[in-house]
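Q: Sending over a structure as structure tokens; questions will come in a sec.
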Amino acid sequence: MMSPMRVVITGGAGFLGSHVCDLLVARGDEVVCVDNLCTGRQENIAHLTGRPGFTFVAQDVSRGLEVAGPVDLVMHLASPASPPEYLRLAIETLEVGSLGTMNTIRLALEKGARYFVASTSEVYGDPLVHPQPETYWGHVNSTGLRSCYDEAKRFAEAVTMAYHRQRGLDVRISRTFNTYGPRMRPDDGRVVTNFIVQALAGRPLTVYGDGTQTRSFCYVDDQVRGLVALADSDYVGPVNIGNPNEFTMLELAQQVLAVTGSASELRFEPLPADDPTQRQPDITLARDVLGWEPRVELAEGLERTIPWLAKELASTARHP
Ligand code: UDP
């Protein structure tokens, strides 16, 4: 696809969505950002509001979506994404993955636009194949606590491919692995923000289980560059976007303590149900078809994220 385009981004006020808005606006695309602000935040897009080529629409895409004028690309990124939030908003998460996906697909069909849906490494569940290539079908508990997110995203992938096969919709599917960086809410509940906030406050770092479970953490700039490269590409079918460098939660805790210089202790807490024991993207496909790979390693990404969170915490303390 050739920029400039007119792009509708759902979840555009969220953590990933707002960074995608930034990248597209910076390269000259026109962006219609749609968000119901259930986990997204207006502050994430405050710097874009009022700029030519950027519009914000407060709307729950699970209820419907109408956009006037031409649209070249619809990017459906809206969803709660941290485990505590999708557990709190289980029905809303299932709705935005199912009804929201169908409503955004309808918009793309009506406009003759390309359709991009953000899926997740959670479709692999607690994986028995390691690292995970896109060809792995996953190991998922369809009625477990995390199923509201996993199955919503699996449905989103399925309905996207059905519209591609049956109606010729031009589709792209990303599978995002754990991503962190500025604009994650300090109270988001995911491990990177929890550890940083705890370290900065001198409180114990809450390690769930024995901390030997692993994740592979991708810095947000790398992630959004990958998402946009996929949206621009010709590749139909899911593509993993993540950083393959894998860490145990104990190693992550040590890195956070080292970068913050905090003397916080570790506090071990129970492992949540169905918490995947290991996760690492196989990014061979992204390297081959997108020429993309991550550039920012964990220590550097933490160094960029920590000052942002410290500032955020200071401003919340001033304006609670
Ligand atoms: N975790 C942890 N302490 C926390 C939050 C999370 O040890 O304060 C663990 C969690 O059990 C999981 C990993 O960190 O094994 C990643 O959790 P997160 O919620 O960030 O994302 P997930 O990959 O589970 O969706």
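The values are calculated or read from the model by the stated rules, or taken from the named source; none is laboratory data. Bear in mind the structure is a predicted one, so any value in this text is a computation, not a measurement. Glycine also receives a Cβ, built like all others from the backbone with ideal geometry; neighbour counts cover every protein chain displayed.
Q: Does at least one position in region 220-229 carry a residue that is over 20 Å from Thr39 (Cα atoms) and of a type in the set (Gly, Ala, Ser)?
A: Yes, region 220-229 has at least one match.
Q: Test of understanding: among Asp275, Asp288, Asp234, which residue is assigned to a loop (DSSP other than H, G, I, E, B), at pLDDT 95 or above and under 30 Å from Tyr115 (Cα atoms)? Walk me through how you get there before you give the answer.
A: Working: Asp275 fails: under 30 Å from Tyr115 (Cα atoms); Asp288 fails: assigned to a loop (DSSP other than H, G, I, E, B).
Criteria check complete, one pass: Asp234.
Q: Examine region 66-77 for a residue that is within 21 Å of the chain's Cα centre (by Cα), away from the ligand (no atom under 16 Å from the Cβ) and more than 30 Å from Glu312 (Cα to Cα), and state whether such a residue exists.
A: yes
Q: May I pose another question? Do the conditions hold for His139, that is, is it away from the ligand (no atom under 12 Å from the Cβ), surrounded by fewer than 21 Cβ atoms within 10 Å (Cβ to Cβ) and either among the β-branched types (Val, Ile, Thr) or more than 21 Å from Pro272 (Cα to Cα) (or both)?
A: Values: away from the ligand (no atom under 12 Å from the Cβ): yes; surrounded by fewer than 21 Cβ atoms within 10 Å (Cβ to Cβ): yes; either among the β-branched types (Val, Ile, Thr) or more than 21 Å from Pro272 (Cα to Cα) (or both): no.
Answer is no for this residue.
Q: Can you confirm whether Thr39 is surrounded by fewer than 17 Cβ atoms within 10 Å (Cβ to Cβ) and more than 29 Å from Arg165 (Cα to Cα)? Even if it seems obvious, please write down each step before you answer.
A: Details: surrounded by fewer than 17 Cβ atoms within 10 Å (Cβ to Cβ): no; more than 29 Å from Arg165 (Cα to Cα): yes.
For Thr39, the condition - surrounded by fewer than 17 Cβ atoms within 10 Å (Cβ to Cβ) and more than 29 Å from Arg165 (Cα to Cα) - is not met.
Q: Going by what's in this entry, would Thr305 be described as crowded, with 18+ Cβ neighbours inside 10 Å and of a type in the set (Ser, Thr, Tyr)?
A: Values: crowded, with 18+ Cβ neighbours inside 10 Å: yes; of a type in the set (Ser, Thr, Tyr): yes.
When the stated conditions are applied, Thr305 passes them.
Q: Same structure, new question: Working carefully through the options Phe177, Phe247, find the one that is within 14 Å of the ligand (Cβ to nearest atom), touching a helix residue (DSSP H, G or I) at 6+ places or on another chain (Cβ under 6 Å) and at pLDDT 95 or above. Let's see the steps before the verdict.
A: On the way: Phe247 fails: touching a helix residue (DSSP H, G or I) at 6+ places or on another chain (Cβ under 6 Å).
Matching residue, one of Phe177, Phe247: Phe177.
Q: Any residue at all in region 269-283 that's free of Cβ contacts under 8 Å to residues at least 60 places away in the same chain and either surrounded by fewer than 19 Cβ atoms within 10 Å (Cβ to Cβ) or farther than 15 Å from Asn178 by Cα (or both)? Give the steps one after another, and end with the answer.
A: Quick first cut of region 269-283, residues free of Cβ contacts under 8 Å to residues at least 60 places away in the same chain only: 283.
From what is left, the residues that are either surrounded by fewer than 19 Cβ atoms within 10 Å (Cβ to Cβ) or farther than 15 Å from Asn178 by Cα (or both) are none.
No: zero hits.
Q: Go through (1) in contact (Cβ under 8 Å) with a residue 12 or more places away in the chain; (2) in a loop (DSSP other than H, G, I, E, B); (3) of a type in the set (A, V, I, L, M) for Ala68 and report which single condition fails.
A: (1)
Q: Another question, if that's okay. Got a sec? Which of Glu85, Glu110 is without any contact (Cβ under 8 Å) to a residue 60 or more places away in the chain and either at positive phi or surrounded by fewer than 24 Cβ atoms within 10 Å (Cβ to Cβ) (or both)?
A: Glu110
Q: Report, by residue number, each residue of region 13-56 that is closer than 12 Å to Arg183 by Cβ and outside any helix (DSSP H, G or I).
A: Once the filter is applied, which keeps residues that are closer than 12 Å to Arg183 by Cβ and outside any helix (DSSP H, G or I), region 13-56 yields Ala13, Gly14, Thr39, Gly40, Arg41, Ala46, His47.
Q: Let me spell it out: the conditions are (1) touching a residue at least 40 places away in the same chain (Cβ under 8 Å); (2) within 17 Å of Val207 (Cβ to Cβ); (3) out of contact with any Phe, Trp or Tyr (no Cβ under 6 Å at 6 or more places or on another chain), and Thr248 meets all of them except one. Which number is the exception?
A: (1)
Q: On the given criteria, is Arg185 among the basic types (Lys, Arg) and either more than 10 Å from the ligand (Cβ to nearest atom) or more than 19 Å from Gly40 (Cβ to Cβ) (or both)? Steps first, answer last, please.
A: On the way: among the basic types (Lys, Arg): yes; either more than 10 Å from the ligand (Cβ to nearest atom) or more than 19 Å from Gly40 (Cβ to Cβ) (or both): yes.
Considered against the rule, which asks whether it is among the basic types (Lys, Arg) and either more than 10 Å from the ligand (Cβ to nearest atom) or more than 19 Å from Gly40 (Cβ to Cβ) (or both), Arg185 comes out as yes.
Q: If you don't mind, another one. I'm checking my understanding of the structure. Among residues of region 78-113 that are closer than 19 Å to Glu30 by Cα and assigned to a loop (DSSP other than H, G, I, E, B), which one is nearest to the ligand (Cβ to nearest atom)?
A: Looking at the filtered set, the residue picked out is Ala78.
Q: Filter region 250-272 down to the residues that are away from the ligand (no atom under 16 Å from the Cβ) and part of a loop (DSSP other than H, G, I, E, B), then identify the one that is nearest to the chain's Cα centre (by Cα).
A: Going residue by residue through region 250-272, those that are away from the ligand (no atom under 16 Å from the Cβ) are 258-259, 261, 263.
When the remaining residues are screened for being part of a loop (DSSP other than H, G, I, E, B), the result is 261, 263.
Working: Gly261: 28, Ala263: 31 Å.
Taking the candidates together, the pick is Gly261.
Q: Let me ask something else. Looking at region 114-159, which of its residues are without any contact (Cβ under 8 Å) to a residue 60 or more places away in the chain and either more than 22 Å from Leu89 (Cβ to Cβ) or part of a strand (DSSP E or B) (or both)?
A: Hits for region 114-159 are Tyr115, Val117, Thr120, Leu128, Val129, Thr135, Tyr136, Trp137, Gly138, His139.
Q: Still on this structure, I have one more. Would you check which residues across region 1-12 are surrounded by fewer than 24 Cβ atoms within 10 Å (Cβ to Cβ) and either part of a strand (DSSP E or B) or modelled with pLDDT of 95 or more (or both) and list them? Walk me through it before giving the result.
A: Restricting attention to region 1-12, the residues satisfying the condition of being surrounded by fewer than 24 Cβ atoms within 10 Å (Cβ to Cβ) are 1-6.
Correct list: Met5, Arg6.
Q: Among the residues of region 229-263 satisfying the criterion of being among the charged types (D, E, K, R) and closer than 24 Å to Arg190 by Cα, which is surrounded by the most Cβ atoms within 10 Å (Cβ to Cβ)? Quick ask: steps written out before the conclusion?
A: Residues of region 229-263 that are among the charged types (D, E, K, R), as a first pass: 232, 234, 246, 251.
Now narrow it down to the ones that are closer than 24 Å to Arg190 by Cα: 246, 251.
Values: Glu246: 16, Glu251: 14.
Checking each candidate, the answer is Glu246.
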